[in-house]
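S.K.: Pasting in a structure now, in C-alpha cells, and then I'll have a few things to ask.
The values are calculated or read from the model by the stated rules, or taken from the named source; none is laboratory data. Note that this is a predicted model, so its numbers are computed, not measured. Here the Cβ positions follow ideal geometry from the backbone for every residue, glycine too, while neighbour counts run over all protein chains shown. Just so you know, the surface numbers come from the protein's heavy atoms only, side chains and all, with ligands and any DNA or RNA stripped out. Shrake-Rupley method; radii C 1.70, N 1.55, O 1.52, S 1.80 Å.
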Amino acid sequence: MNIYPCESSILISNDSGSLSYVSIEPWGEEVTLQKGDQLRIVGRGPKKVGVMKLSYEGSALVVEGWPGSTLSFTLNDEVLNTASKVISCL
C-alpha cells in the first residue's frame, strides 16, 4: 500500500545536449546530464499540494518538490542516491 496519496512523475530526455544539469531543491543537489541522458523523476507526497515545479534556467533545470514530498531520481535506468529521496520537503 502506498502511504502517499499523490504520485507525480516526469521523464526528461536531454536529446540536444543543451541541458547540463538538474538542480534538486531545496536540497541543493545537482545531477549532471550528458547528451542522450534520460532522467526520470518521481515525486510522492500529500495530495492536497502535490505539484512538482520545474524551472528552466539557462543550461539547468531546477526541480522543486512540494511540502511533505520526497523525490526519487533514475538516470539512464540507474537509481540515484540523493538526500531528496530520504528527506521530505519542509
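S.K.: Could you tell me the relative contact order of the chain? Use alpha-carbon pairs under 8 Å, at least six residues apart, and round to a whole percent.
M.R.: 28 percent
S.K.: Okay, next question. Using a 1.4 angstrom probe on the protein heavy atoms only, could you order Asp77, Asp37 from most to least accessible area?
M.R.: Asp77, Asp37
S.K.: Still on this model: Between Lys53 and Ser16, what is the label-point separation in nm under the 7 Å Cα-to-beta-carbon projection?
M.R.: Calculated label separation equals 2.4 nm.
S.K.: Hey, how many Å between the Cα centroid of the stretch 59-81 and the Cα centroid of the stretch 10-57?
M.R.: 5 Å
S.K.: Turning to a different aspect of this structure: Which far-off residues, 5 or more places away or on another chain, put their amide H under 5 Å from the one on Ile12, with H placed in the peptide plane?
M.R.: When sequence neighbours closer than 5 places are left aside, the close amide H contacts are Leu39, Arg40, Ile41.
S.K.: Then there's this: Quick query: amide H of Leu80 versus all other amide H atoms, modeled in the peptide plane; which residues come in under 5 Å with a sequence gap of 5 or more or a different chain?
M.R.: Phe73, Thr74, Leu75
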